[in-house]
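The values are calculated or read from the model by the stated rules, or taken from the named source; none is laboratory data. The structure presented is a predicted model; accordingly, all values stated were derived computationally and were not measured. Reconstructed Cβ throughout: ideal geometry from the backbone, glycine too, with neighbour counts over all protein chains shown. Please note that ligands, DNA and RNA were not included when accessible areas were found on the heavy atoms of the full protein model with its side chains. Shrake-Rupley method; radii C 1.70, N 1.55, O 1.52, S 1.80 Å.
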Amino acid sequence: MRRLIKPLALLALLGTGGFLIVASCLYLYLSPKLPSVEELKEIELQIPLRIYSQDLKVIAEFGEKKRSPVSFDEIPQSMIDAFLAAEDDGFFEHSGIAVTGLLRAAGELITTGRIRSGGSTITMQVARNFFLSNRQEFTRKFNEILLAFKIEEGLSKQEILSLYTNKIYFGNRAYGIGAAANVYYGKKLNQLTLAESAMIAGLPKAPSSYNPIANPERALIRRNWILKRMLSLDNITEEQYQSALQEPDQASYHGSISELSAAYIAEMVRQQVVDKFGLKAYTEGYSAITTIDSTMQKQGVDALQAGILAYDQRHGYRGPEKTAVAEDEWSELLSKTTTFGTLEPVIVSDVADDRLWVLNRSGDIEELNWLDGLKNLRLYKTVNARSAPITSALDLFSRGDLIRIVRREDGSPTLAQMPEVQAALVALNPQDGAIRTLVGGFDFRHSRFNRVTQALRQPGSNFKPFIYAAALNSGFTPASIINDAPVVFNDKNLEDMWRPENDGGKFYGPTRLREALYRSRNMVSIRLLRRMGIDRTLEGLQAFGFDTGDMPIDLSLALGSHALTPLKVASAYNILANGGYSVAPYVLDTVIDRDGNIIYQAMPMTICDSCDADDREITPTNPIPLATNASASDVKTYSAAVSQVDMQLEELLNSLADESIAEEERKSLEVIKSALQQRPTDDAAKPRAVRVVNKQTAFLIDSMLKDVVLRGTGVKAKVLKRTDLAGKTGTTNGPRDAWFSGYSPHLTVTTWVGFDNNAKIGRNEYGGSAALPIWIDFARQALDGKANIERPQPDGIVMVKIDAKTGKRVAPNQSGIFEFFRTENVPELIDGETLPGAAADSLPDDLF
């Protein structure tokens, strides 16, 4: 035996020497190729694009990798303990490698040719995730070891663990524990339970196999194993362990963080940011600040959805979405059926004469009695017809029917259905065109078609104010008389003889323009356009930003036959709202990089009330200027013009003291807030909006549109009890489209209702019955607390007493009504006198 000791010792010595030589050679060969630890310190994690409202509520995130980076101090101790129990319980003791793990991995490589169990410490995983591939090769493992040593020398344990928890993949596009907490549980890190922390800690080993959504049973086994490891390592007590074991897992996919319903806006802004910065916008951690007011946005969504459901209810119930669903499929069907808007799916579990019992997603049975939408329930027959009210729920519903409910304020359910009609709503700031609210349809998940920006629809009478404004600018007055009488046109630009008529088929004879507008008389608009001429009218329409090149060159233009988007219509009304200035609509205000630098700043044309008047006129050769944009270098100079911090940012600063806000979110908002303080808030520092409609015309058409609300087709809006509202309804042939566009000096709002397939909306549906109620519901809240602002009467405008039938001036002692005129267009007295210095009305008598 003694004779063997010497040879064995020599052999061991030679083996050790050989190993050291090989290791040294490998070190000398691989070491120069290894990256430096400094690269780790400077590395920038991929962070998705995040879109915010004006008051910094999160609208959406876009990017392949969902990530919310956190520092070590922000990671709860229970989460740290769970990760160490699952991956590397000796992390704080070793120097980068665990010898036992490496020996096990080496044995597997020798015996099977593959490494099955890994053997990598957290430090080695950081080396692999940041610098190396996942191929299981000896040289890669050796590189991991060398890099692990370098990392341990250059970084603290806390820095290493922070890198690991922010980089690692957790499945469902979630990278890092911050994103994982939101994606699986819809929570911030500091809100996770012990059991949820253990579940997340179990994901990195196999994000698909241990995914609590895709493989809940295997995920639960992995979670419980980690909890037991934590108990054995004295990280938790027996009581905590047992409590966590009993906790049912509630993981479900939560998608992107969103604090308000604004998906149509999110998609618009995403496209704009990617157009400006390319695909790197998805990974560079950009924050896009929009012009959207979060409170107003919610009000817009609620008003539009309520208006659509009200229309839908008026036209009858179309029946269950699915029938005869087998009971063993109920739970699965409910979990897969999307809630659109406020419309929840439920399944009828039982039916009686006067009530239904329904199963909801939570597994609870709820009762819908006769008053919960069943009383007076009529079935849809056609868009113009419904059945008689049902007399028994048994006539319509059966066990296994999939139906929809909405909830009252007290949470009780009432019967509803998925609507087929659609709607759009957009609200603009008259001062600079900023989009404050935009709702492109009932629900983005149901239809991604943005009707505000993409739907080209005929505006009908909603277009008339622009024809009238062009007429007022051409010498007509609100008292000009046009004959409301039938006429047949043989227009070569129209395919057949055209016999237009008013709604209801009646004609009212000679009518003042003011009355014709607020009563929406079609024949007056047609005769007015014919009198002015198409060319002169088209030239006048250009002032409102319309592209007249593709407009019809015929008299149907007077009735709004040219299709426009709701945004284009709202933009034109915005010129009326602000007194005649061109301001282009915009939604993307600021883009900030991860370091707080403003890399894009919108510079919209803005009305400056405190500046000297700018009455430059716009002509076809001097087109309306659109909103301009600033480059990063321009922004620095532009932003330096003002140092005032706007009130919303001050409120945000105060809100950051709220302990409920996670630290990572607080830091992100601090960076954004600091950048936004550099934005210009003084109108005088912004590009000046140009006047495109003169003061006198703007005042006259505004006065006429106020009468639409006071005594015309928009009279329902009087319920708002405001004196500064003006607007116009619109209904197209069929009818197929219902519109209302209206404004106060605070806000311009356009609403539209119709079918995407251009089907008829029903013979009793008009702008005043379908679109106006949505406008009212929204304006009631959006304008709440805002002062009435009366438009001042400009120089060159006088008020004169006139005869209501003839439009001629009458003497003070005669009966009549008061009307506004330009001083040069004051009409004749009935006895032939005129005001001193005023010319007689030059309009010819053949207008009758």
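Looking at Ala288, Ala281, Ala251 in this structure, which one is open to solvent by less than 40 Å² (accessible area, probe 1.4 Å) and at pLDDT 95 or above? Lay out the reasoning, then the answer.
Working: Ala281 fails: at pLDDT 95 or above; Ala251 fails: at pLDDT 95 or above.
Matching residue, one of Ala288, Ala281, Ala251: Ala288.
Restricted to the stretch 323-361, and to residues that are small (Gly, Ala, Ser) and more than 25 Å from Gly307 (Cα to Cα), which residue is surrounded by the fewest Cβ atoms within 10 Å (Cβ to Cβ)?
For the stretch 323-361, the residue satisfying everything is Ala326.
Do we find that Leu541 is within 27 Å of Thr732 (Cβ to Cβ), open to solvent by less than 20 Å² (accessible area, probe 1.4 Å) and touching a residue at least 24 places away in the same chain (Cβ under 8 Å) in this structure?
Numbers: within 27 Å of Thr732 (Cβ to Cβ): yes; open to solvent by less than 20 Å² (accessible area, probe 1.4 Å): yes; touching a residue at least 24 places away in the same chain (Cβ under 8 Å): yes.
Spelling it out, Leu541 is indeed within 27 Å of Thr732 (Cβ to Cβ), open to solvent by less than 20 Å² (accessible area, probe 1.4 Å) and touching a residue at least 24 places away in the same chain (Cβ under 8 Å).
Looking only at the stretch 378-399, which residues are under 25 Å from Arg361 (Cα atoms) and out of contact with any helix residue (DSSP H, G or I) (no Cβ under 7 Å at 6 or more places or on another chain)?
Answer for the stretch 378-399, where residues must be under 25 Å from Arg361 (Cα atoms) and out of contact with any helix residue (DSSP H, G or I) (no Cβ under 7 Å at 6 or more places or on another chain): Leu394, Leu396, Phe397, Ser398, Arg399.
Based on this model, can you work out whether Asp234 counts as more than 25 Å from Ser68 (Cβ to Cβ), charged (D, E, K, R) and at pLDDT 90 or above?
yes
Restricting to the stretch 516-526, what's the tally of residues that are touching a residue at least 40 places away in the same chain (Cβ under 8 Å) and closer than 17 Å to Ala469 by Cβ?
5
Restricting attention to the stretch 575-587, does a residue exist that is farther than 30 Å from Pro792 by Cα and not in a loop (DSSP other than H, G, I, E, B)?
no
Can you find a residue that is closer than 30 Å to Tyr52 by Cα and in contact (Cβ under 8 Å) with a residue 60 or more places away in the chain anywhere in the stretch 199-214?
There is at least one residue in the stretch 199-214 that is closer than 30 Å to Tyr52 by Cα and in contact (Cβ under 8 Å) with a residue 60 or more places away in the chain.
Which residues, taken from the stretch 158-185, are closer than 19 Å to Ile213 by Cα, of a type outside the set (A, V, I, L, M) and either open to solvent by less than 40 Å² (accessible area, probe 1.4 Å) or touching a Pro at 6+ places or on another chain (Cβ under 7 Å) (or both)?
Across the stretch 158-185, the qualifying residues are Tyr169, Phe170, Gly171, Gly176, Gly178, Asn182, Tyr184, Tyr185.
In the stretch 780-797, which residues are more than 27 Å from the chain's Cα centre (by Cα) and open to solvent by less than 40 Å² (accessible area, probe 1.4 Å)? Can you show your working first?
Step one: filter the stretch 780-797 for residues more than 27 Å from the chain's Cα centre (by Cα), giving 787-797.
Listed by number, the residues that qualify are Pro794, Gly796, Ile797.
Provide a single number: the residues in the stretch 519-571 that are out of contact with any Gly (no Cβ under 7 Å at 6 or more places or on another chain) and either of a type in the set (Asp, Glu) or assigned to a helix (DSSP H, G or I) (or both).
Number of matching residues: 36.
For every residue, the table says whether it meets (1) out of contact with any helix residue (DSSP H, G or I) (no Cβ under 6 Å at 6 or more places or on another chain); (2) modelled with pLDDT of 95 or more; (3) not basic (Lys, Arg).
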position	(1), (2), (3)
Tyr573	yes, yes, yes
Pro585	no, yes, yes
Thr621	yes, no, yes
Ala640	yes, no, yes
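If you take just the helices (runs of 4 or more DSSP H) that sit entirely in the stretch 258-365, which of them hold at least 2 residues that are of a type in the set (Lys, Arg), in contact with a strand residue (DSSP E or B) (Cβ under 7 Å, 6 or more places away or on another chain) and within 30 Å of Gln601 (Cα to Cα)?
263-277
Residues in the stretch 199-237 that are touching a Leu at 6+ places or on another chain (Cβ under 9 Å), surrounded by 14 or more Cβ atoms within 10 Å (Cβ to Cβ) and not in a helix (DSSP H, G or I): how many?
5
Which one of these does Ile115 not meet: (1) modelled with pLDDT under 85; (2) in contact with a Leu (Cβ under 7 Å, 6 or more places away or on another chain); (3) assigned to a helix (DSSP H, G or I)?
Every listed condition holds for Ile115 apart from (3).
Identify the single condition in (1) free of Cβ contacts under 8 Å to residues at least 60 places away in the same chain; (2) open to solvent by 40 Å² or more (accessible area, probe 1.4 Å); (3) under 24 Å from Gln793 (Cα atoms) that Arg711 does not satisfy, given that it satisfies every other one.
The number of the failed condition is (1).
Among the residues of the stretch 159-202, how many are closer than 16 Å to Thr121 by Cβ, modelled with pLDDT under 90 and not aromatic (Phe, Trp, Tyr)?
Selection size over the stretch 159-202: 8.
Between residues in the stretch 811-832 that are at pLDDT 90 or above and residues that are outside any loop (DSSP other than H, G, I, E, B) and of a type in the set (Phe, Trp, Tyr), which pairs lie under 9 Å by C-beta distance while being six or more apart or on different chains?
Listed by first residue and then by second, the contacts come to Phe820/Phe699.
Would you mind telling me which numbered condition in (1) modelled with pLDDT of 95 or more; (2) closer than 27 Å to Gly762 by Cβ; (3) not acidic (Asp, Glu); (4) not in a strand (DSSP E or B) Asn376 fails?
Checking Asn376 against (1) modelled with pLDDT of 95 or more; (2) closer than 27 Å to Gly762 by Cβ; (3) not acidic (Asp, Glu); (4) not in a strand (DSSP E or B), the one that fails is (1).
Quick one: would you say Asp777 is more than 26 Å from the chain's Cα centre (by Cα), in contact (Cβ under 8 Å) with a residue 12 or more places away in the chain and either outside any loop (DSSP other than H, G, I, E, B) or surrounded by 15 or more Cβ atoms within 10 Å (Cβ to Cβ) (or both)?
no
State the number of residues belonging to the stretch 789-831 that are in contact with a strand residue (DSSP E or B) (Cβ under 8 Å, 6 or more places away or on another chain) and either among the aromatic types (Phe, Trp, Tyr) or closer than 30 Å to Met296 by Cβ (or both).
Result for the stretch 789-831: 4.
Does Gly90 fit the bill of being farther than 30 Å from Met296 by Cβ, at pLDDT 70 or above and part of a loop (DSSP other than H, G, I, E, B)? Quick ask: steps written out before the conclusion?
On the way: farther than 30 Å from Met296 by Cβ: yes; at pLDDT 70 or above: yes; part of a loop (DSSP other than H, G, I, E, B): yes.
The answer is yes for Gly90.
Hey, among Ala738, Ala726, Ala770, which residue is open to solvent by less than 40 Å² (accessible area, probe 1.4 Å), within 26 Å of Glu819 (Cβ to Cβ) and either touching a helix residue (DSSP H, G or I) at 6+ places or on another chain (Cβ under 7 Å) or hydroxyl-bearing (Ser, Thr, Tyr) (or both)? Can you show your working first?
Details: Ala738 fails: within 26 Å of Glu819 (Cβ to Cβ); Ala770 fails: within 26 Å of Glu819 (Cβ to Cβ).
Being open to solvent by less than 40 Å² (accessible area, probe 1.4 Å), within 26 Å of Glu819 (Cβ to Cβ) and either touching a helix residue (DSSP H, G or I) at 6+ places or on another chain (Cβ under 7 Å) or hydroxyl-bearing (Ser, Thr, Tyr) (or both) holds for just one of Ala738, Ala726, Ala770, which is Ala726.
Being more than 30 Å from Ile789 (Cα to Cα), in contact (Cβ under 8 Å) with a residue 40 or more places away in the chain and either open to solvent by 20 Å² or more (accessible area, probe 1.4 Å) or not hydrophobic (A, V, I, L, M, F, W, C) (or both): is that true of Pro552 here?
yes
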